[in-house]
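Q: Okay, here's the structure, questions in a sec.
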Amino acid sequence: MRTSTIRIAVQQLPRAGFDEHRPYEACDPIASELDDKAAVKARVNADSMTLTVEVNTDQLLDAATTLRELGLI
């Protein structure tokens, strides 16, 4: 299985209603939204600068669309 990685700057988190100073708190809700809205299984991790979303490459378009709807990209 091939995976793709989407990196999101933590400064984008407030656009989706999350605190940019607590990016770790956004990981589970974002993964849940991807699963609920687009049936995309994703691994979402955070550090102090970026959120990293890893998805199956076949689901990349669905993941990107959902992240755009959330206001993250």
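The values are calculated or read from the model by the stated rules, or taken from the named source; none is laboratory data. Keep in mind that what you see is a predicted model, and the values were worked out from it rather than measured. Every residue, glycine as well, gets a Cβ built from its backbone with ideal geometry; the counts of neighbours run over all protein chains shown. To get the accessible areas, we keep the full protein, side chains included, count just its heavy atoms, and leave off ligands, DNA and RNA. Shrake-Rupley method; radii C 1.70, N 1.55, O 1.52, S 1.80 Å.
Q: Under the Karplus relation 6.51 cos²θ - 1.76 cosθ + 1.60, θ = phi - 60°, what is the ordered set of whole-Hz ³J(HN,Hα) values for the range 60-73, x standing for Gly and Pro?
A: With the stated coefficients, the range 60-73 comes to 4, 4, 4, 5, 5, 4, 5, 5, 5, 5, 6, x, 8, 9 Hz.
Q: May I ask you to give the percent of accessible area on the range 1-43 that is carbon plus sulfur, with a probe radius of 1.4 Å?
A: Of the solvent-accessible surface of the range 1-43, carbon and sulfur hold 42 percent.
Q: A further question on this structure: Which distance in Å, rounded to a whole number, links the C-alpha centroids of the range 12-34 and the range 48-68?
A: Between the Cα centre of the range 12-34 and that of the range 48-68, the gap is 13 Å.
Q: Just how much of residue 32 is accessible, in Å², when a 1.4 Å probe is used and the result is rounded to the nearest 10?
A: About 60 Å², rounded to the nearest 10.
Q: Considering the zone a paramagnetic label at residue 21 would reach in this model (a point 7 Å from Cα along the Cα-to-Cβ line), which residues of the range 35-57 have amide N under 16 Å from it?
A: So the set is 48-49.
Q: Separate question: So what are the chain's ellipsoid semi-axes, whole angstrom, largest first, if each one is the square root of 5 times an eigenvalue of the alpha-carbon gyration tensor?
A: 19, 12, 10
Q: While we're on this one: Using a cut-off of under 12 Å, list every residue of the range 54-73 whose amide N is near the label point 7 Å from the Cα of residue 1 along the Cα-to-beta-carbon line.
A: It comes to 54-59, nothing else.
Q: Spelling out what I want: for every residue of the range 50-56, take phi, set θ = phi - 60°, compute 6.51 cos²θ - 1.76 cosθ + 1.60 (Karplus), and round to whole Hz; glycine and proline get x.
A: Calculated HN-Hα couplings, in order: 9, 9, 10, 10, 9, 9, 4 Hz.
Q: Quick one: accessible area per residue over the range 16-73, 1.4 Å probe, rounded to a whole number of Å²?
A: For the range 16-73, the per-residue accessible area is 59 Å².
Q: Okay, next question. What does the net charge come to around residue 13 if you take all other residues with beta carbon closer than 14 Å to its beta carbon, with K and R at +1 and D and E at -1?
A: Residues near residue 13 contribute -3 overall.
Q: Still on this structure: What is the range 4-43's relative contact order, in percent, from Cα pairs under 8 angstrom and six or more apart in sequence?
A: RCO, the range 4-43: 22 percent.
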